[in-house]
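Data first, discussion second: the structure below is written as structure tokens.
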Amino acid sequence: MVQAKGNGMIEFLGDVLAWFGNPDNWIGPTGILNRLREHVQLTAAATFAASILAIPPALWLGHRRLGGTFVVAVVNIGRAIPSFAIVVLFLPISIRLGLGIGFWPTFLALLFLAVPPMFTNTYTGVAGVDPELVEASRGMGMTDREVLTKVELPMASPVILAAVRVATVQVAATATLGALVGWGGLGRFIVDGFSVRDNVLVFAGALLVAGLALFLEVLLGWVERQVVPTTLQSRSEVVESVVA
Amino acid sequence: MIHLAQASEGFFSWDWVFNHLDDIWDQTVEHIMLTVIAVVVGLVISLALSVVALRYRWTYSPITWFTGILYTIPSLALFAFLVPITGLSVLTAEIGLVSYTLLILIRNIVAGIDGVPDATVESARGMGYTKRGLFFSVELPLALPVIIAGIRIAAVTTIGLVTVTALIGQGGLGFFILRGLSLIYSPIGTTQIVVGTVVSVALAVAVDLTLVGIQHLATPWSRRRATA
């Protein structure tokens, strides 16, 4: 392994720039554009599926103020399970289920990782709505359903949106590890770079992956600020989850 | 599910576990070492940066902005950035691991010290505490529950991230997960993945409980308040 130091470092960064400057690295099935498309598509699919699975039950349980202890346990255990282990662990499971390598083990692992933080943050958001506010709505004659959809849901919306942002960034980060179980995405450049000991490829891949994660964080943060009324914005504190 | 049931006899090998207890122990110790170094170094840096942030308020925003960027970079990418500079070394692993602890620790230290009641600080000043004395004997101890809550999150997160460092030749228990990956079609492989995962999770739970115990011992006043 050649190590870059001093002048070597400048030369190395020049090589990285040259790699990005080569059109061959951008096009085709193994090019940057296709890897980026794979990465974004899987991230969107896994985050969407996780929100469908996590948010409705969390809204209902939060509305009923049921299962608080369970939620705390999920947060703690979720944090303790390494995402690297989950991605690798889903590979033999997927093979034995006949789903093969690549897409399915990565998708299932991402789903498994994204559901708990979305569930807990949504739950906390709804259950954390001021009880006096809920009492007042009931006093005004709102039905149970109206309390949830007209009071609790809007009040909790900043927390839920923040939960979706945190989960999306986490899923995009963890999707990098999909390259270890035969999937594509931007992690491919880093993992292939490691296996052929090509530091330029490793570094270029790291730039792409980090760039995407930071871009998503900034983009979704911006969307949040546009959507959430300023009076509610201070409420958007969520339980940050594990980085992949 | 039928596939799974049929194949499951070849999924886990207790023989492998009993024949490799020494290896499992060695990697567990290495895992703990990598974690302890990362959290201790992270704590020292975070304390220093928090003192700066508390003394000069305007620095808090750029400090959390920068550590927030570090926190957002996916771990594999962060390690990949460092490999061309520091190689496949323990140093690379530790720089990455320490980077991830900073945001959580700084936020909790600053929030903890901000949470000390003004009246308490005023009384301590009235009693003649110097700035330094006030910080070490009043503010820091009273902020301890919040700071330890931060250390718990940082420690548990780090234990998980140590497994990823297997990809750069370190990894503690991640070593088993990575080796299992290369033997994926054999029970020897799946066994190693399960062992690496289960021991790592158990370690995280044990460390978390230990820190809860330490907090209990270190803040006797909050215990008395709880029983009163």
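The values are calculated or read from the model by the stated rules, or taken from the named source; none is laboratory data. Everything numeric in this text was worked out from a predicted model, so none of it was measured. So basically every Cβ, Gly included, is an ideal-geometry build from the backbone, and we count neighbours across all protein chains shown.
Miscellaneous remarks
- Of the set (1) free of Cβ contacts under 8 Å to residues at least 24 places away in the same chain; (2) within 14 Å of another protein chain (Cβ to nearest Cβ); (3) among the β-branched types (V, I, T), all apply to B:V138 but (2).
- Test result for A:G102, surrounded by fewer than 20 Cβ atoms within 10 Å (Cβ to Cβ), of a type outside the set (D, E, K, R) and within 14 Å of chain B (Cβ to nearest Cβ): yes
Let's see how each residue does on (1) on the phi > 0 side of the Ramachandran plot; (2) assigned to a helix (DSSP H, G or I); (3) not polar (S, T, N, Q):
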site: B:L70; (1), (2), (3): no, yes, yes
site: B:L76; (1), (2), (3): no, yes, yes
site: B:L88; (1), (2), (3): no, no, yes
site: B:T92; (1), (2), (3): no, yes, no
site: B:V98; (1), (2), (3): no, yes, yes
site: B:L103; (1), (2), (3): no, yes, yes
site: B:G112; (1), (2), (3): no, yes, yes
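- Checking each residue in region B:75-85 for being within 7 Å of chain A (Cβ to nearest Cβ) and not small (G, A, S) picks out B:L76, B:F81, B:V83, B:P84, B:I85.
- Scanning region A:174-202 for residues that are assigned to a helix (DSSP H, G or I), more than 7 Å from chain B (Cβ to nearest Cβ), closer than 23 Å to A:I81 by Cα and not β-branched (V, I, T) yields A:A175, A:G178, A:A179.
- Among (1) over 30 Å from B:G171 (Cα atoms); (2) within 14 Å of another protein chain (Cβ to nearest Cβ), the one test that B:G96 misses: (1)
- B:I148 vs. criteria at pLDDT below 95, of a type outside the set (F, W, Y) and within 25 Å of B:V207 (Cα to Cα): yes
Rundown of residues vs (1) at pLDDT 90 or above; (2) under 23 Å from B:G160 (Cβ atoms); (3) outside any helix (DSSP H, G or I), yes/no style:
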{"residue": "B:H3", "(1), (2), (3)": "no, no, no"}
{"residue": "B:Q27", "(1), (2), (3)": "yes, yes, no"}
{"residue": "B:A38", "(1), (2), (3)": "yes, yes, no"}
{"residue": "B:A48", "(1), (2), (3)": "yes, no, no"}
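- Look at region A:82-102: where a residue is more than 12 Å from B:G174 (Cα to Cα) and a partner is of a type in the set (G, A, S) and surrounded by fewer than 19 Cβ atoms within 10 Å (Cβ to Cβ), sitting 6+ places away or on another chain with Cβ atoms under 7 Å, you get A:S94/A:G100; A:R96/B:A7; A:I101/A:G182; A:G102/A:G182.
- Helices (runs of 4 or more DSSP H) wholly inside region B:165-228 that include at least 1 residues being in contact (Cβ under 8 Å) with a residue 60 or more places away in the chain and under 19 Å from A:L180 (Cβ atoms): B:174-182, B:187-218
- Considering region B:195-206, and only residues there that are buried (at least 21 other Cβ atoms within 10 Å of the Cβ) and facing chain A (nearest Cβ under 9 Å), the residue that is farthest from B:T157 (Cα to Cα) turns out to be B:G196.
- For B:G128, the test of being outside any helix (DSSP H, G or I) and out of contact with any strand residue (DSSP E or B) (no Cβ under 9 Å at 6 or more places or on another chain) is passed.
- Listed conditions (1) surrounded by 14 or more Cβ atoms within 10 Å (Cβ to Cβ); (2) assigned to a helix (DSSP H, G or I); (3) of a type in the set (V, I, T) are all met by A:T69, apart from (1).
- Flag if B:L161 is within 12 Å of chain A (Cβ to nearest Cβ), surrounded by fewer than 23 Cβ atoms within 10 Å (Cβ to Cβ) and closer than 30 Å to A:G100 by Cβ: no
- When B:R132, B:R55, B:R107 are checked against the criterion of being at pLDDT 90 or above, more than 21 Å from the chain's Cα centre (by Cα) and either among the charged types (D, E, K, R) or under 28 Å from A:Q170 (Cβ atoms) (or both), B:R55 stands alone in meeting it.
- Checked against the criterion of being within 14 Å of another protein chain (Cβ to nearest Cβ), free of Cβ contacts under 8 Å to residues at least 60 places away in the same chain and in contact with an Asp or Glu (Cβ under 9 Å, 6 or more places away or on another chain), the candidates B:T72, B:T64 yield just one match: B:T72.
- Odd one out for A:A46, checked against (1) more than 12 Å from A:T120 (Cα to Cα); (2) surrounded by 18 or more Cβ atoms within 10 Å (Cβ to Cβ); (3) modelled with pLDDT under 95: (3)
- Matching residues, region A:105-116, being closer than 20 Å to B:V205 by Cβ and within 13 Å of chain B (Cβ to nearest Cβ): A:F112, A:L113
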